[in-house]
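Novice: Please read through the structure below; I'll follow up with questions.
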C-alpha cells in the first residue's frame with residue numbers, strides 16, 4: 001500500500017513538469033534601411049536559440065508571438 005502511494009505521487013510529479021506556465025510575448029515592428037525605406041524578406045531570429053521567428057513583409061513589417069520559458 002505504502003509503495004503504491006509513493007509510486008502514484010512520483011508519477012504525478014513527473015507528469016506535472018511539462019505543465020509549467022509559459023508566458024507569451026509578442027514582438028512586432030518594421031525593418032528600415034538607412035534611408036527609412038522598408039526592407040522585405042528580412043528573417044527575424046531568436047538570438048538565444050537561433051530559431052526563425054518570422055520574416056518581414058513587403059512593407060518591412062513583422063509580428064511574432066513567442067512563448068518565453
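Novice: Specify the residue that is modelled with the highest pLDDT; the eligible residues are those in the stretch 50-69 that are exposed (fewer than 10 other Cβ atoms within 10 Å of the Cβ) and more than 10 Å from the chain's Cα centre (by Cα). Quick ask: steps written out before the conclusion?
Specialist: Step one: filter the stretch 50-69 for residues exposed (fewer than 10 other Cβ atoms within 10 Å of the Cβ), giving 50-51, 58, 67-69.
Still in the list and also more than 10 Å from the chain's Cα centre (by Cα): 50, 58.
Values: 50: 86, 58: 94.
Top of the filtered list is 58.
Novice: If you don't mind, another one. Please go through the stretch 26-43 and pick out each residue that is modelled with pLDDT under 90 and surrounded by 10 or more Cβ atoms within 10 Å (Cβ to Cβ).
Specialist: Listed by number, the residues that qualify are 27, 28.
The values are calculated or read from the model by the stated rules, or taken from the named source; none is laboratory data. Quick caveat, the model's predicted, so the values are computed rather than measured. In this analysis, Cβ positions are derived from the backbone assuming ideal geometry, glycine residues included, and neighbour counts consider all displayed protein chains.
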